Amino acid sequence: MNRRQILTAGAGLMATGAMAKTQNMGLPEAAMMDSAATQAPLHPTSGPDYNPVVTLNGWTLPYRMNGNVKEFHLIAEPVERELADGMTAYLWGYNGQSTGPTIEVVEGDRVRIYVTNKLPEHTTIHWHGMILPSGMDGVGGLSHPGIPPGKTFVYEFDLVKSGTFMYHPHADEMVQMAMGMMGMFVVHPKDPTFMPVDRDFLIMLNAFDIDPGTYIPRVMTMTDFNLWTWNSRMFPDIDPLVVNFGNRVRVRVGNLTMTNHPIHMHGYDFEVTCTDGGWVPPEARWPEVSIDIPVGAMRAYEFDAKYLGDWAIHCHKSHHTMNAMGHDVPNFIGADKRQLTRMIRKHQPEYMPMGSNGMAEMGMMEMELPDNTVPMMTGWGPHGPIEMGGMFSVVKVRKGIGADDYSDPGWYENPPGEQAYEWTGELPEFSSNDSPKTILTKRKA
Ligand SMILES: [Cu+2]
């Protein structure tokens, strides 16, 4: 226990009047969210100032002051989450959504977090990475008994350290996390001039295993998940990271999936400035264009938005930028399937051969999908199909973006001379319809 916690605990013991007042105030209202859209940042109305974070396709939980304590109310409950336009999943989450709302406070604050369990089984909340008393750590059976269905438990502790943290159940953990129960917890530095940024984005990496045409995740999946999401949202419906030209930008990425994710951002180099363990001092940082986010960890990076444009940001594991379906499709590249197609069409006239020239045709195709399913590769850009899914979005750097404006500014128009173009002079003699074998033969001739 550090000095501050001792002081606060002492104050709490003496202030029995304040304790009675807490009970008189009753439970804080539990704000609910029914939208999967990115919500505007929640500016502080009391206490020290800070620049609030923006959770992509998420929101920040409002609090109330009770004496000197910030009080929050989380409700663990079944939710319906729109993972993308045309696909809703039946998950477990908090206050109407998965992932849960972001909790945002300031170093030196004391928080009282009420957790009401509306799930059919017990739960707890573990405050991942935080320095707090052992009995507040939320490990079911170890720190305290599990919160039974229908009951409310209270967690109360001081925020002795700033940084980026996460929260998730530590009770039937594999099932509850596979169902979508997790959220982020940001503690701003007490000194608002410490490492200030203009835009501060939050991304929680999570994953589900939901069969095409169904609504409920498989909870016994260990590593072979088929939907790779940011804040329980997947491309093409992850909102862009909208940035004003010249902004200092921080992106905080937490990983509560069961594998690592190398997050790659185009157009920039950047520096890792924070881990779950704390802020990285300037002299210890090194440049990167991709950062691997280990399982159960967080990394934050920063950059100055000095290059205008639309810049891809994505996980560099290529099957993590795909949605469900087709994970067991064999490789047909170079195969001539005309003969086979003719034979199959005798029995199944709508049969479509796929993949002879790569899989890009999947991005163009209007194939009939099962209900409640998003195509494997999808999304349209200004120049055609983007052929992505899952963990992919776009950093949009523009001039003239308003202070609290995070709305999509549309596609970037590349200035003349700054876009790849078609060569219209003399071409090599082989045609694009040649098979790989013909191309090799012609090259040798
Ligand atoms: Cu990944």
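The values are calculated or read from the model by the stated rules, or taken from the named source; none is laboratory data. These figures come from a predicted structure and were not determined experimentally. Ideal geometry is used to build each Cβ from the backbone, glycine not excepted, and the neighbour counts take in all protein chains shown.
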- Query: Residues in segment 421-437: is at least one more than 16 Å from the ligand (Cβ to nearest atom), on the phi < 0 side of the Ramachandran plot and in a helix (DSSP H, G or I)?
  - Reply: yes
- Task: Show the residue pairs that are 6+ apart or on different chains and have beta-carbon atoms under 7 Å apart, the first residue being within segment 253-279 and in contact (Cβ under 8 Å) with a residue 40 or more places away in the chain, the second being acidic (Asp, Glu) and more than 10 Å from the ligand (Cβ to nearest atom).
- Result: Thr273/Glu302
- Message: Quick check on Asp310: is it in contact with a Lys or Arg (Cβ under 6 Å, 6 or more places away or on another chain), closer than 21 Å to Gly381 by Cα and charged (D, E, K, R)?
- Response: yes
- Note on the structure: Within segment 274-290, restricting to residues that are among the hydrophobic types (A, V, I, L, M, F, W, C) and over 16 Å from Gly163 (Cβ atoms), the one that is farthest from the ligand (Cβ to nearest atom) is Trp286
- When segment 360-396 is examined, which residues are found to be within 16 Å of the ligand (Cβ to nearest atom) and modelled with pLDDT under 85? Met376, Met377
- Task: Scan segment 85-115 residue by residue and report those that are β-branched (Val, Ile, Thr) and either without any contact (Cβ under 8 Å) to a residue 12 or more places away in the chain or in a strand (DSSP E or B) (or both).
- Result: Thr88, Thr102, Ile103, Val105, Val106, Val111, Ile113, Val115
- If you go through Asn260, Asn226, Asn244, Asn255, the only one that is within 15 Å of the ligand (Cβ to nearest atom) and touching a Gly at 6+ places or on another chain (Cβ under 8 Å) is Asn255
- Task: Look at Tyr50 and say whether it is crowded, with 20+ Cβ neighbours inside 10 Å and within 18 Å of Gly163 (Cα to Cα).
- Result: yes
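Quick grid of which residues meet (1) closer than 30 Å to Asp198 by Cβ; (2) in contact (Cβ under 8 Å) with a residue 60 or more places away in the chain:
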residue	(1), (2)
Gly400	yes, yes
Tyr406	yes, yes
Pro409	yes, yes
Pro416	yes, no
Ala420	no, no
Trp423	no, no
Ser435	no, yes
Thr438	no, no
Lys444	no, no
- Task: Go through segment 263-273 and give me each residue that's away from the ligand (no atom under 14 Å from the Cβ) and either buried (at least 23 other Cβ atoms within 10 Å of the Cβ) or of a type outside the set (Asp, Glu) (or both).
- Result: His266, Gly267, Tyr268, Phe270, Val272, Thr273
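Among Ile216, Ile293, Ile210, Ile238, which is the only one that is closer than 23 Å to Met376 by Cβ, within 14 Å of the ligand (Cβ to nearest atom) and not acidic (Asp, Glu)?
The unique qualifying residue is Ile238.
Every residue, every condition in (1) surrounded by 22 or more Cβ atoms within 10 Å (Cβ to Cβ); (2) modelled with pLDDT of 95 or more; (3) closer than 30 Å to Val272 by Cβ, yes or no:
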| site | (1), (2), (3) |
| --- | --- |
| Glu107 | no, yes, yes |
| Asn117 | yes, yes, no |
| Gly135 | no, yes, no |
| Lys151 | no, yes, no |
| Gly163 | yes, yes, yes |
| Val175 | no, no, no |
| Ala178 | yes, no, yes |
| Met184 | yes, yes, yes |
| His188 | yes, yes, yes |
- Task: Quickly run through segment 144-163 and pick out the residues that are touching a strand residue (DSSP E or B) at 6+ places or on another chain (Cβ under 8 Å), within 22 Å of Met298 (Cβ to Cβ) and part of a loop (DSSP other than H, G, I, E, B).
- Result: Leu159, Lys161, Ser162
